[in-house]
Amino acid sequence: MPLLDRRAFLVGLGAGTGLALARGLGTRGLRAPSPGDFDATLRALGASLSPLQRSRIVLPADHPSRQIDNTIAVLDRPHLGTLLSPAQRALAEQLYTGMLSERGRQAFAGTIAVEGRLDGCVLAIYGEPERGAAHAQVVISGGHLLLRGGARAMGAAFGGGVAYGHQVGNQRWRVAGNSFAYHGDAANRVFAALAPAERAQAVLPAPPHELVLQVQGPDGRFPGVRIGALAEPAQEEAARLLDAVFSCHPEAERAEAYSCLDANGGPSALHLSFYESHGFYEDMRSFASLDPGERARRGDPYWQVWRLEGPGAVLHFQGHPHVHAYVQVLRDPARANLGESLGRVTASVEGEAMRGLLEAALRRETGESLAFHGADVPGRFCPGEVTTGLAYALDPYCNRVAVMTIAGRAMAPALRERLAATGAVIEPGTRYRVATTEWYATREDLVGSPDEVATAATFLRDALVEHLRAGGLAVERGAVA
């Protein structure tokens, strides 16, 4: 999936939503607390909000959008530069700097510069900001940025899932110039320390979708090589890798992350994976594209996509075409989900099963008999409770439901084959109505050339929630009804 195109698509849709809401708010005398006092800064910002600003920024502590871990469109809101007064904007910047260590501020400077600085980001506060950081969580999100500060959700390090990236080094070996390339360098040093048998376990054909971030419990399935089974030199390099990733965050949050890991078996319970499809040589030939002889001649590639996963934790580093990084570390995976309970599953629902569930939700929402969702599904249901927060996490892009009218002859192979797989007989001269999303309706490579697209006001996440409320989840099988 071309994530850069998706980002441009979403930013374009939201470009006109900014409003000059900050004018005339009477915040001229607002004083910023001392730098580094996150609690006092949050209280001051909360007290300064006008009713209109509060309606756009403050949400209930258990609002399901708090569970989204993507770096774009967590909420459809005006940007900080149009929503806040200059004094409030200064408070927001203090909150931002309080979410990061000095090392993190240096790394994120590149992201903020490329993405239009904080003025181009969106602010959400979950809970009661006037009561301080123990009662509210601040989320700042942008094109390659999602950071949290204040109250922790779900007993999570860093306040919950965080995500970040940097659109520099596109398609280049080792993402040269990228602010977070040092994470990838640390991972490749772990690989260099692996024994041949360990390498065989660690290298897999292709990565999962980068947004499959829902944490598993101790009985989960963890591909790759287990850190605790490695020889001591490789374990030491793995420890340095964790230090490198966690280095962006304040000392207290780093300590909480290690405490959460220790509650689930420690770093030794994590599994590390690299991917043949995303191991590159200096000429950007991939490891997967070469025969064994050529691989032996060239030696080790540079692994630009890798993943650490274990009970309660997912760290996914997508270093191609540029960096998208995701960090999710929880103390108790059984308490991972926010919002209204919609049922339970006893086995993982992901991949094709989740794709079928989303398509069923599209059919129910539109009343159409045909539906299409792409094969790349950004999430999963792990065994346990399914909530509205999980449904929001399955639609991190705020996709709107759409119905396209398209002739059989105008369908792309991916759409035609998917519909045929669900039992539909597609005739070239017949026009069909297919429920999908606004995003997929634009993808000629996947759906073809529709004659017409009717976009609804409903988000895919809302359609999924209603489908689950209506019994769309077969609880006893942990599968799709």
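The values are calculated or read from the model by the stated rules, or taken from the named source; none is laboratory data. Predicted model, so just to flag it, every value in this text is computed and none were measured. Backbone-built Cβ (ideal geometry, glycine too); neighbour counts: all protein chains shown.
Would you confirm whether or not region 105-127 contains a residue that is among the acidic types (Asp, Glu), modelled with pLDDT under 95 and part of a loop (DSSP other than H, G, I, E, B)?
Initially, region 105-127 is screened for residues among the acidic types (Asp, Glu), giving 115, 119.
The next check asks that each one be modelled with pLDDT under 95; those that pass are 115, 119.
Restricting the remaining residues to those that are part of a loop (DSSP other than H, G, I, E, B) gives 115.
Yes, region 105-127 contains a residue that is among the acidic types (Asp, Glu), modelled with pLDDT under 95 and part of a loop (DSSP other than H, G, I, E, B).
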(message) Just checking: which of the strands (runs of 3 or more DSSP E) contained wholly in region 399-481 hold 1 or more residues that are modelled with pLDDT under 95 and under 16 Å from residue 361 (Cα atoms)?
(response) none
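Only residues that are over 15 Å from residue 375 (Cβ atoms) and crowded, with 16+ Cβ neighbours inside 10 Å: list them for region 416-432, please.
Just the residues of region 416-432 that are over 15 Å from residue 375 (Cβ atoms), to begin with: 423-432.
Within region 416-432, 426, 432 meet the criteria.
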(message) free of Cβ contacts under 8 Å to residues at least 40 places away in the same chain, small (Gly, Ala, Ser) and either outside the structural domain of residue 393 (by TED's automatic domain parsing) or buried (at least 22 other Cβ atoms within 10 Å of the Cβ) (or both): which single residue out of 273, 286 fits that description?
(response) 286
(request) Sort out which residues of region 53-78 are buried (at least 21 other Cβ atoms within 10 Å of the Cβ) and out of contact with any Leu (no Cβ under 7 Å at 6 or more places or on another chain), and write them in order of number. (result) 68
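Can you pull out the helices (runs of 4 or more DSSP H) entirely within region 1-68 that have at least 1 residues that are over 29 Å from the mean Cα position of the chain (by Cα) and modelled with pLDDT of 95 or more?
38-48, 51-57
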(request) Among the residues of region 141-186, write down those that are part of a loop (DSSP other than H, G, I, E, B) and either within 12 Å of the chain's Cα centre (by Cα) or of a type in the set (Lys, Arg) (or both). (result) 143, 144, 152, 160, 161, 172
